[in-house]
Amino acid sequence: QVQLVESGGGLVQAGGSLRLSCAASGRTFSSYAVGWFRQAPGKERECVLAINWSSGRTYYADSVKGRFTISRDSARNTVYLQMNSLEPEDTAVYYCAARRGQGLYTGEAHYDYWGQGTQVTVSS
């Protein structure tokens, strides 16, 4: 019943920045946890960042600490992923996901609702 729509992907050169958005319809994020995942060709889907909407608690994967930032906007019912200092290794399809809960969740099996994905390509 929750629909998630990602936007903001594209092609950038190494060192550049992108800002991804995940907007929800059908429900608000107020009682949800939200995660950002990515999947590169030939690799498994991995959790990049996660946030609990109500508490603001966050999780960052080691590979993106200091470069990526997750934030939320209650008025717009939107979660953002700010990506700076992008590297070719960041190239992947990025997905946002949501589930009810009060904690932080990093495994894809925890999530019930998924966006369609948005492609991020970082060139050398």
Residue separation times 0.36 nm, minus the C-alpha to C-alpha distance between Ser17 and Asp73: what's the value?
18.2 nm
Over all distinct alpha-carbon pairs, what is the Kirkwood Rh of region 1-98 in angstrom?
13.7 Å
To check you understand DSSP bridge types, tell me what percent of the beta bridges within the chain (both residues inside) are antiparallel, rounded to 5.
90 percent
Cα-centred dipole magnitude for the chain, charges only on beta-carbon of K, R (+1) and D, E (-1), debye, nearest 20
380 debye
Working out 0.36 nm times the residue gap between Arg100 and Asp112, then minus their Cα-Cα distance, what length gain in nm do you get to one decimal?
3.5 nm
To the nearest 20 debye, what charge dipole does region 1-67 have about its Cα centre, counting +1 at the Cβ of each Lys and Arg and -1 at the Cβ of each Asp and Glu?
100 debye
Orphan Cys of the chain, criterion: no other Cys C-beta under 4.7 Å:
Cys47
Shape call for region 7-46, from the Cα gyration tensor axes a ≥ b ≥ c (a/c under 1.5 means rounded, otherwise prolate when a/b beats b/c, else oblate), comes out oblate
Expressed in nm to one decimal, what extension gain is obtained for the pair Ala40 and Ser55 from 0.36 nm per residue of sequence separation less their Cα-Cα distance?
2.4 nm
Net charge of neighbours whose Cβ lies under 14 Å from the Cβ of Pro41, counting Lys and Arg as +1 and Asp and Glu as -1
-1
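Every read-out reported here was derived from the displayed coordinates using simple, explicitly stated rules and does not represent laboratory data. Computed from a predicted model, the values in this text were never measured in an experiment. Every residue, glycine among them, receives a Cβ derived from its backbone with ideal geometry; neighbour counts consider all protein chains shown.
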